[in-house]
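Enquirer: Got a structure for you, written out below as structure tokens; questions coming shortly.
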């Protein structure tokens, strides 16, 4: 008999409180927690953000630093009776679409080689399908964090438009699988699916 996976989806804007809320849910689960991080410290400011998140988490939580293979990281961390917190889809997708290490930092600033190489649509689809399959097969409690970035104007650049579109589609896929979905606004959780949703 197939069971519906226990997925909670937390999304919101930058500094909306989504990560802190997701961490509170993980603590409240009273289960062993594995934190899957998708960020990489590309510069000093972002490394400081990562350090802030790390300092806030309980020291006994497990940590998996996921690269492109988020599906594999989830399958490796998922166990019945455990909680897996994925933070966040936003950075994972950004790293997939425009990997930092594909840019040639020695190229002139106006050179096409200075720009990262965008991921082929077929490869992106394979990553997204694999992640959805891993979520669907999950045995433990899964908490997924993502940004809601599609509430503003349509971006001017084609790369940014593709990113906004792909993240919107990814968020819809995860929300459709989730038992509960919460939108964070100014630190306040608004239930949009599951208990408390209207």
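What follows is calculated from the coordinates using simple rules that are stated; it is not laboratory data. Computed from a prediction, not measured in an experiment: that's the story for all the values here. A quick note on method: Cβ atoms are made from the backbone with ideal geometry, for glycine too, and the neighbour counts reach across all protein chains shown.
Enquirer: Mind sorting 88, 98, 83 by how few other Cβ atoms lie within 10 Å of their own Cβ, fewest first?
Expert: Working: 88 22, 98 17, 83 25.
With the sparsest Cβ surroundings first, the list reads 98, 88, 83.
Enquirer: Another question, if that's okay. Treat the count of other C-beta atoms within 10 Å as a stand-in for reagent exposure and order 20, 184 from fewest to most. Provide the component values of the computation, followed by the final result.
Expert: Working: 20 14, 184 23.
Ordered by Cβ neighbours within 10 Å, fewest first: 20, 184.
Enquirer: Can you put 78, 69 in order of Cβ neighbours within 10 angstrom, beginning with the fewest?
Expert: On the way: 78 21, 69 15.
The most exposed by this proxy come first: 69, 78.
Enquirer: Label-point separation (nm) for residue 20 and residue 190, each offset 7 Å from Cα along Cα-to-Cβ?
Expert: 1.9 nm
Enquirer: Still on this structure, I have one more. Report the gain in length on full extension from residue 169 to residue 129: 0.36 nm times residue separation, minus Cα-Cα distance, nm rounded to one decimal. Walk me through the numbers on the way to the answer.
Expert: Details: separation 40, 0.36 × 40 = 14.40 nm, distance 1.21 nm.
Result for the pair: 13.2 nm of gain on full extension.
Enquirer: Using a cut-off of under 11 Å, list every residue of segment 168-182 whose amide N is near the label point 7 Å from the Cα of residue 27 along the Cα-to-beta-carbon line.
Expert: none
Enquirer: Using 0.36 nm per residue, how much length does the chain from residue 4 to residue 68 gain when fully extended, once their Cα-Cα distance is taken away? List each step's numbers first, then the result.
Expert: Numbers: separation 64, 0.36 × 64 = 23.04 nm, distance 2.58 nm.
Fully extending the segment from residue 4 to residue 68 adds 20.5 nm.
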